[in-house]
Amino acid sequence: MIRKAIESYFSDATIDSANKCAQRLIQCLPDQKKIKNNRVLLAYGGGKDSSYMVAWVKYIHNIVLEEKGETFRLRIVTNRHAGMNDKVMENIDNAYRALGLYDDESVECLIVDGLLVRYFERYLLMPESVRIQNRTDVLMSGHRFQADARSTFCNACNLSMMNSFGMASQWEGGVMSLSRVTLQKNKQPTSHGCAIFHDYLIGRQLMRGVVFQVS
C-alpha cells in the first residue's frame, strides 16, 4: 500500500533510479543471508529536500521487502540545534505519519540533541544545555573567524551534524551502512549514490558503508 502511494508522486525516472539503487544496496549489505539483520542510517534535517529523500529511501525499503520477503532496518536520525523551530518538528512528524513510519517495526526514528539520543517525539523538549552550547559555539566561531557568516553559523552546525552521525551509528547495536543519496538540480535522486563506498571511523569501530546524503 505505502509503496504504491509513494510511487504515485514519483516520475518514471525516479522509480527507475530507486529500483537500481535497491539492487545495489542489496549487494552492499554485510549480511546477505538475512537482510533484516542489516541496519541502514539515513540523516533527516526536516526540510523539503530531505523529506523527499526519506520518502525515496522508504520506497527502496519496500522494494527490498517485496523482492526478498524481508527488508533492512532503517534508522532515521535528525540532528537538532537551537535554530530548529517548532515548524520543523511538525514537518518531520507529518512526514513520518504520512509514510506510516511510527507503525513500522523495521524503522527507527531518532533525534540527537548534543550527546543525547532519543526516539523522535513531536513535542520533545530540547535540553537547555544544548541551547547554551549552540549559542556558545556561534559566539566563539564568530570571534575566531572575524564574523565571517559561513564560518560563524556553519562550522559548529557541521561538526554537530557529524557528531549526530556518530551518536546514531553506535546507538543500540549500531548500523551496518550510512546511506547517501545525491539530488540533481532537477531534484531527482541519482542511483549512483548507492555505489559510493567509504570507510568511517565511528565510535572506535571501522565500518564500511554506503552513504545516502542530500546535497
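Laid out as a table, the results:
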item	result
Residue match in the range 108-123 (condition: within 23 Å of Lys4 (Cβ to Cβ) and aromatic (Phe, Trp, Tyr))	no
Given (1) surrounded by 15 or more Cβ atoms within 10 Å (Cβ to Cβ); (2) out of contact with any Lys or Arg (no Cβ under 6 Å at 6 or more places or on another chain); (3) not β-branched (Val, Ile, Thr), number of the condition Asn62 does not satisfy	(2)
Residues located in the range 54-103, provided they are free of Cβ contacts under 8 Å to residues at least 12 places away in the same chain and assigned to a loop (DSSP other than H, G, I, E, B)	Gly69, Asn85, Tyr102, Asp103
Condition broken by Ala55, with the remaining ones in (1) of a type outside the set (Val, Ile, Thr); (2) surrounded by 13 or more Cβ atoms within 10 Å (Cβ to Cβ); (3) more than 19 Å from the chain's Cα centre (by Cα) satisfied	(3)
Some residue of the range 105-125 being under 12 Å from the mean Cα position of the chain (by Cα) and under 21 Å from Asn19 (Cα atoms)	yes
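Rundown of residues vs (1) in contact with a helix residue (DSSP H, G or I) (Cβ under 9 Å, 6 or more places away or on another chain); (2) within 22 Å of Arg75 (Cβ to Cβ); (3) surrounded by 13 or more Cβ atoms within 10 Å (Cβ to Cβ), yes/no style:
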position	(1), (2), (3)
Ser129	no, no, no
Asp137	yes, no, yes
Met140	yes, no, yes
Ala147	no, no, no
Leu159	yes, yes, no
Gly166	no, yes, yes
Ser169	no, yes, yes
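Taken together, the values in this text are just the output of simple stated rules run on the coordinates, not laboratory data. Since the structure is predicted, the reported quantities are computational estimates derived from the model, not experimental observations. Backbone-built Cβ (ideal geometry, glycine too); neighbour counts: all protein chains shown.
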